[in-house]
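K.L.:
Dumping the structure here so I can ask a few things about it.
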Amino acid sequence: MVDTIIKTDLSRLEGFHSVFITDQAELEAFAKRALDSSVLAIDTEFLREKTYYARLCLLQMQTDDETIIVDPFAVSDLGVLAPLFQSSSIMKIVHSGRQDLEILNREVGLLPQPLFDTQVAAALLGHTQQIGYGSLVSAVCGVQLAKMDSFTDWSRRPLSASQISYAADDVIYLPQLYHTMTDELERLGRIHWLDPDFAALIDPALYVDDPRDRYRRLKRVGQLSRRQLSAAREVAAWREKRARDRDIPRKWVMTDEQVVEACKREARTIDSLFMVRGLSDRLSTGDARTVVRCICRGLDLEPDKWPKSDHVAYGGDVNVDAVLDAMTALVRLRARQNNIAFQTLASHSDLVKVAHGHKDAEILRGWRREIVGAELLELLAGRISLSVQEGALKVTKHP
């Protein structure tokens, strides 16, 4: 009954043959015939609210003439897609694909390449930095997508007709977006600007998460001193391993806020640790002892082994505020002139880094440097001045 509903619903899409795959042999047959396609659009539906690892619930793919929806619960090996994913003659297309790629890397055993991410590319064509798929399809293809199943339980079976329709829509328009956007990028001479961004997305190292680096992504970690940060590194690494072993969300072990607060208190006893709201209910006595040991180990390290904060110190200094205002004005001008989303050209944290003399900011590399990064350095060196003439910002270069 489910297959009939799905195939009938997908048949509304004229020009495309659609297949709902619930059999390993069907998946293998698709993997072979799709090798003749010029494109392969990819999307996934997954759940991770109750697990550490995202649970793949649906895999959607679009070729030149075929819409495929795979039920991963019904097939035995997604690894048969590997030759298709690795074919250099087929462009793989995703939208905001990092999470999809992370899942596929684990399920298929490799990352699809070559790759084009329509959300990343959209920012070079005047769209907002993180434009949603539906908004982009509306802007480029003139199609309004249904939103009814945007927040649904994809693990439940059978799937409804509306769920399948929603899932199919997520890949059907990707090839059209790709062709339209690459034509425009070619016209603007920007077709290779994003090569480093796409290469980074298919770098396996991006998806290897070292537990001892997890502390860098803790919320409010900037509140900690370097000594406390050393403790947070130990606790966050333990939490990561614990969550992996139990396959539960890391916040179910300890939330970011609890990790930071425990390290800020420099809790060396269980009593001190349990002063942090909610930890006495969340941690067993054994786990609490382990957390205290982690905190003590981090606090007692020699200062030269403390981690350095990734957060640039910025306390709203008046002089820095003025510099940032001038830098922001210049970036906004160049972003508008080049029809590029401001945040794609330069994030606030990047501007703070440059203002403090850091040379590793993204805006000082590649095409961003060409558009405005080099100019920002000239501005800071006093070789560029900004003024307002007839209501418009004017950039004046000095010898």
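K.L.:
For the stretch 52-193, divide the Cα radius of gyration by the Kirkwood radius and give the resulting Rg/Rh value with two decimals.
P.N.:
0.96
K.L.:
Shifting gears a bit: Can you give the longest run of the chain that contains no GluC sites (Glu not before Pro) sitting in a DSSP loop with at most 13 other Cβ atoms inside 10 Å?
P.N.:
Answer - 50-389.
K.L.:
May I pose another question? Sort M327, M275 from largest to smallest accessible area, using a 1.4 Å probe on the heavy atoms of the protein chains.
P.N.:
M275, M327
K.L.:
May I pose another question? Enumerate the calculated ³J(HN,Hα) couplings along the stretch 338-350 in order (Karplus 6.51 cos²θ - 1.76 cosθ + 1.60, θ = phi - 60°), each rounded to whole Hz, writing x wherever the residue is Gly or Pro.
P.N.:
These are the phi-based 3J(HN,Hα) values: 9, 6, 10, 4, 3, 5, 6, 6, 7, 7, 4, 5, 5 Hz.
K.L.:
Using the Cα centre of the stretch 117-214 as the reference point, and only Cβ charges (+1 on K/R, -1 on D/E), how large is the resulting charge dipole? Debye, rounded to the nearest 20.
P.N.:
320
K.L.:
Starting at the first residue of the stretch 282-288, write each ³J(HN,Hα) from the Karplus equation 6.51 cos²θ - 1.76 cosθ + 1.60 with θ = phi - 60°, in whole Hz, x for Gly and Pro.
P.N.:
8, 9, 6, 4, x, 5, 4
K.L.:
Hey, if you put +1 on the Cβ of every Lys and Arg and -1 on every Asp and Glu Cβ in the stretch 262-394, which of T290, M275, A322 ends up farthest toward the positive end of that dipole?
P.N.:
T290
K.L.:
Could you please state how large a percent of the accessible area of the chain is carbon and sulfur, counting protein chains only and using a 1.4 Å probe?
P.N.:
49
K.L.:
In addition: Normalising by the residue count of the stretch 82-178, find the relative contact order in percent from Cα pairs under 8 Å and 6+ residues apart.
P.N.:
That works out to 26 percent.
K.L.:
Please work out how much length the chain gains when fully extended from R227 to S387, using 0.36 nm per residue of separation minus the C-alpha to C-alpha distance, in nm with one decimal.
P.N.:
53.1 nm is the gain from fully extending R227 to S387.
K.L.:
In addition: At 1.4 Å probe radius, can you tell me the per residue accessible area of the chain in Å²?
P.N.:
On a per-residue basis, the chain sits at 50 Å².
K.L.:
Here's something else I'd like to know. Taking amide H positions as placed 1.01 Å from N in the peptide plane, with prolines and chain starts having none, which residues 5 or more places from C57, or on another chain, fall under 5 Å of its amide H?
P.N.:
Amide H neighbours of C57: E45, F46, L47.
K.L.:
Same structure, new question: Along the principal axes of its C-alpha atoms, what lengths does the stretch 120-238 span, in descending order and rounded to whole Å?
P.N.:
54, 47, 26
K.L.:
Go through K219/K397; K219/K394; K50/K264; K251/K353; K50/K219; K147/K359 and tell me which ones have a Cα-Cα distance over 32 Å in this structure.
P.N.:
As for pairs spanning more than 32 Å Cα to Cα, those are K219/K397; K219/K394; K147/K359.
K.L.:
Explain nothing, just compute: Karplus ³J(HN,Hα) = 6.51 cos²θ - 1.76 cosθ + 1.60, θ = phi - 60°, for every residue of the stretch 132-141 in order, whole Hz, x for Gly and Pro.
P.N.:
x, 4, x, 5, 5, 4, 5, 5, 9, 9
K.L.:
As an exercise, identify the chymotrypsin sites (Phe, Trp or Tyr not before Pro) in the stretch 77-186 lying in DSSP coil whose Cβ has no more than 11 other Cβ atoms within 10 Å.
P.N.:
Qualifying residues, ordered by number: F151.
K.L.:
Quick one: in the stretch 241-399, what % of C-alpha pairs are over 27 Å apart?
P.N.:
That tail contains 50 percent of the Cα-Cα pairs.
K.L.:
Also, I was wondering about something else. Rounded to the nearest 20 Debye, what is the dipole magnitude of the chain about its Cα centre when Lys and Arg each give +1 and Asp and Glu each give -1 at the C-beta?
P.N.:
1900
K.L.:
Taking Rh as the Kirkwood radius, which is the inverse of the mean 1/r over Cα pairs, what is the Rg/Rh value for the stretch 159-208?
P.N.:
With Rh from the inverse mean 1/r over Cα pairs, Rg/Rh is 1.17.
K.L.:
Whose amide H sits under 5 Å from the amide H of E66, counting only residues 5 or more places off or on another chain, with H placed in the peptide plane?
P.N.:
H17
K.L.:
Using the Cα atoms of the stretch 320-397 to build a convex hull, what is its mean projected area in square nanometres?
P.N.:
For the Cα atoms of the stretch 320-397, the hull's average projected area reads 4.9 nm².
K.L.:
One quarter of the convex hull surface, Cα atoms only: what value does that give for the chain in nm²?
P.N.:
Computing the convex hull of the Cα atoms and averaging its projections yields 24.6 nm².
K.L.:
Let me ask something else. Show the residues, 5+ positions off or on another chain, whose built amide H is closer than 5 Å to the amide H of L301.
P.N.:
none
K.L.:
For a quick check of your reading of the filter: which trypsin sites (Lys or Arg not before Pro) in the stretch 114-214 sit in a DSSP loop and have no more than 12 other Cβ atoms within 10 Å?
P.N.:
Sites meeting the loop and neighbour criteria: K147, R156.
K.L.:
Would you mind computing, in nm to one decimal, how far apart the modelled labels at A82 and K264 are, each placed 7 Å from Cα along Cα→Cβ?
P.N.:
4.8
The values are calculated or read from the model by the stated rules, or taken from the named source; none is laboratory data. Please read these numbers as outputs of a predicted model, since none were measured by experiment. All Cβ positions, even for glycine, are placed from backbone atoms using ideal geometry, and neighbour counts span all protein chains on display. Surface areas here come from the heavy atoms of the whole protein model, side chains and all, with no ligands, DNA or RNA. Shrake-Rupley method; radii C 1.70, N 1.55, O 1.52, S 1.80 Å.
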